[in-house]
1. Filter the chain for me: DSSP H helices, axial length by Cα at least 27 angstrom, mean Kyte-Doolittle hydropathy not below 1.0. List them by residue number.
2. Report which label in [x] 19.0, 65; [y] 28.0, 112; [z] 22.7, 84 holds the value of Rg and Dmax of the Cα atoms in Å derived from the coordinates of this structure.
3. For the chain, what is the accessible area per residue in Å², given a 1.4 Å probe and the full set of protein chains?
4. Report the label-to-label distance for Asp269 and Thr205 in nanometres (one decimal), using points 7 Å from each Cα along the Cα→Cβ vector.
5. Regarding region 150-228, what's the average projected area of the Cα-atom convex hull, expressed in nm²?
6. How much space per residue, in cubic angstrom, does the convex hull of the C-alpha atoms of region 32-150 take up?
7. Run lengths n ≥ 4 of DSSP H only: what is the helix-derived mean residue ellipticity at 222 nm for the chain, with -39500 (n - 2.57) per run over all residues, to the nearest 500?
8. Need the C-alpha centroid separation for region 214-275 versus region 104-144, integer Å.
Amino acid sequence: MRNIDRLPFILAGVLFLLAWLLGFPMRAQSAPLGDVQCTLIADAASGKVLYQDGTCDQRFSPASTFKVPLSLIGYDAGILSDEHTPSWDYKPEFNAVKRDQKTVDPTIWEKDSILWYSREITRKLGAENFAGYVSKLDYGNKDVSGNTGKNDGLTHSWVNSSLKITPVEQVDFLRKLLARKLPVSAKAYDMTSAIIPTFQAGGWTVQGKTGSTRLANDADKIRDKRSLGWFVGWAKKDGQQIVFARLVVDATRTDMPKGLKTRAAFLKDLPLLVK
């Protein structure tokens, strides 16, 4: 190679070295964050995997699927009493979206996925009791510290924050719930089952909870444009009981919360996936 041909490479190397020596910021070229999808279905009693597709061992925020363990916690702690007690009125300081500005009881809380009601439960629990319950339930990574430096774990940890869980862990938790192998009262199991929404899908009676949230990746200074949708729960048909988790993580915009779209797709698919 002639010397003149080498000149651009030499200049580039010199500029790079100067930038490094002078401490100028150099932006890394990061690959776009990829899509993640998982569908996992297991026999509730034996744990045998009946259907699995996609990446099911990566942790993400549980979002509103956390209302399932939080229901167990709320009833076990005596904060919740039955399907319609307590009924709490909306307050302006909750700063909720318009559709959630209403009086809410446990059944409405689960059906309409009311975030401010969840936060009232955790506030009444207190930080120590809340962390203790999540640890005893062995839920996901059990990290309810919240966002770094904000001291908001009591009210924000399960919504795109510190608490994360895989689809595999969701299914394992649900199996323990149905087998009543979690450290909560019989009433907590009974009432949680009573308020989790019910659906029909090709002969299956399905109970489950959706979850939706936008994602972020501040730790790596990467703008994460993805959002996630969960649908997790259990279903019965002809004496068979299954547990399931479906997760969709991508940058696709939808005309409804991603959790609702994920639920609709799963209910359509279920009769074809397990026969």
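1. On the way: long enough: 3-22 (28 Å, 1.73).
Taking the DSSP H segments of the chain (at least 27 Å long, mean hydropathy at least 1.0), we get 3-22.
2. From the options [x] 19.0, 65; [y] 28.0, 112; [z] 22.7, 84, the structure gives [z].
3. On the way: 14930 Å² over 275 residues.
Counting only protein heavy atoms, the per-residue value for the chain is 54 Å².
4. 2.5 nm
5. Mean projected area of the Cα convex hull: 7.8 nm².
6. 168 Å³
7. Taking each H run of at least 4 residues, the total per residue is -11000 deg cm²/dmol.
8. So the two Cα centres are separated by 21 Å.
The values are calculated or read from the model by the stated rules, or taken from the named source; none is laboratory data. Keep in mind that this is a model prediction, so the values were computed, not measured. No Cβ is skipped: glycine too gets one built from the backbone with ideal geometry, and neighbour counts run over all protein chains shown. What goes into the accessible areas is simple: the full protein's heavy atoms, side chains included, and nothing from ligands, DNA or RNA. Shrake-Rupley method; radii C 1.70, N 1.55, O 1.52, S 1.80 Å.
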